[in-house]
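Readers should treat all values here as calculations from the given coordinates under stated rules, not as data from a laboratory. What you see is a predicted model; the values in this text were computed from it and never measured. For neighbour counting, all protein chains shown are included, and Cβ atoms are generated from backbone atoms with ideal geometry for every residue, glycine included.
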């Protein structure tokens, strides 16, 4: 199913804020192979919340996750993430391009803290296509 | 490490990615896309087999960057996922991360990165920018 170009400009909030707990951060860092002495928040950790926002977008537009391949991801950070942060994200569809066999969806997710201050922005390209 | 200067070549870092690592990353990140777990689903959407999460690859690059810089604050991190990292069931994939210091200006260090699995370049236009505190951790 093609993704409609009229989605451009629509926004999709992640359904719930993400509590940056020591436990979550530890599990994420361990999955990247950091040893237990590492006590920062890995810079790619905000993908956990950006993924929730993306899932909200996919659910709303009835796109199956397994037909999505991540084409590009970039983060810019206003400040480091910290344990204790309570983060919220909203994804905005910026571009939809059809390549015939696939649609390439450009998105931006702003991630803000409990005070509403911008913490980081994630831009992602999602490639939708393949299979039946 | 000592202060970073333009042109510095950073030590190559090599990581292994096994199917068990994909399971652990899926759990920790919440990304349970079956193309990272299930051979049949991966092939059904035209992939050569189970592939690593792009964000696991980028996360390992983030780890390499943090190890090179002693945990310097990351200001930008990103890449295009130009070729999948295929993870066979019976042997881990390898990921080799090479970096050089491209530019140092205004307290920011920009790294040039080359990230490969086997001979295949898997990240396009990778970019990492770090903030270096003159008296801070990047000196560590």
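FRET efficiency for residue A:114 and residue A:76, Cβ-Cβ distance as r, R0 = 35 Å, nearest 0.05?
On the way: r = 20 Å, r/R0 = 0.58.
The formula returns an efficiency of 0.95 here.
Measure off 7 Å from each Cα along the Cα-to-Cβ vector at residue B:67 and residue B:27, then give the distance between these two points in nanometres to one decimal.
It is 2.2 nm.
What does DSSP give for the stretch B:72-139 in terms of the percent of beta bridges that are antiparallel, rounded to the nearest 5? Display every interim value, and only then the final one.
Values: 22 of 22 bridges.
Within the stretch B:72-139, antiparallel bridges account for around 100 percent of the total.
To the nearest whole number, what is the average tally of beta carbon atoms from other chains within 10 Å of the beta carbons of peptide A:75-83?
On the way: counts 7, 7, 7, 1, 2, 5, 1, 0, 0.
For peptide A:75-83, the averaged partner shielding equals 3.
Roughly what angle does helix A:47-60 make with the longest principal axis of chain A, taking Cα atoms, 0 to 90 degrees, to the nearest 10?
30
In percent, what relative contact order does the stretch B:21-140 have, based on Cα pairs under 8 Å that are 6 or more apart in sequence? The partial results should precede the final answer.
Numbers: 191 pairs, mean separation 28.1, N = 120.
This gives 23 percent for the stretch B:21-140.
Can you give me the C-alpha center-to-center distance between the stretch B:8-63 and the stretch A:63-132, rounded to a whole angstrom?
Going from one Cα centre to the other spans 18 Å.
Note the full-extension length gain between residue B:112 and residue B:96 as 0.36 nm times their separation in residues minus their Cα-Cα distance, in nm to one decimal. Provide the component values of the computation, followed by the final result.
Values: separation 16, 0.36 × 16 = 5.76 nm, distance 1.38 nm.
Contour length minus the Cα-Cα distance gives 4.4 nm.
Once every DSSP H run of n ≥ 4 in chain B is given -39500 (n - 2.57) and the sum is divided by its residues, what mean residue ellipticity at 222 nm do you get, rounded to the nearest 500 deg cm²/dmol?
Numbers: 3 runs with 33 residues, N = 140.
Calculated at 222 nm, the ellipticity per residue is -7000 deg cm²/dmol.
Relative to the present Cα-Cα distance, how much length would full extension add between residue A:95 and residue A:65 at 0.36 nm per residue of separation? Intermediate values should be presented prior to the final figure.
Numbers: separation 30, 0.36 × 30 = 10.80 nm, distance 1.86 nm.
Going from the current span to full extension adds 8.9 nm.
Which whole number gives the average count of other chain Cβ atoms within 10 Å of the Cβ atoms across peptide A:32-44? Let's see the in-between values first.
On the way: counts 15, 10, 5, 0, 0, 0, 4, 1, 5, 0, 7, 15, 13.
Averaged over the peptide's residues, the number is 6.
If I take R0 = 41 Å and measure r between the Cβ atoms of residue A:10 and residue B:18 in this structure, what FRET efficiency does the formula 1/(1 + (r/R0)^6) give, to the nearest 0.05?
After rounding to 0.05, the efficiency reads 0.60.
At a Förster distance of 41 Å, what's the computed FRET efficiency of residue B:121 paired with residue A:23, Cβ-Cβ distance as r, to 0.05? Kindly include the intermediate steps, with their values, before the conclusion.
On the way: r = 36 Å, r/R0 = 0.87.
The computed FRET efficiency comes out at 0.70.
Among B:121, B:102, what is the fewest-to-most ranking by other Cβ atoms within 10 Å? Spell out each step's value before the answer.
Details: B:121 13, B:102 16.
Least crowded to most crowded, the residues run B:121, B:102.
Can you give the angle from 0 to 90° between the axis of helix B:54-69 and the longest principal axis of chain B, with both taken from C-alpha atoms, to the nearest 10?
30
Using Cβ counts within 10 Å as a stand-in for footprinting exposure, how do B:125, B:55 rank, fewest first? Mind dumping the intermediate values first?
Working: B:125 11, B:55 23.
Result, fewest neighbours first: B:125, B:55.
Can you pull the mean other chain C-beta count within 10 Å for peptide A:116-128?
Values: counts 0, 0, 0, 0, 4, 0, 1, 1, 3, 2, 0, 1, 0.
Partner-chain Cβ atoms within 10 Å, mean over residues of A:116-128: 1.
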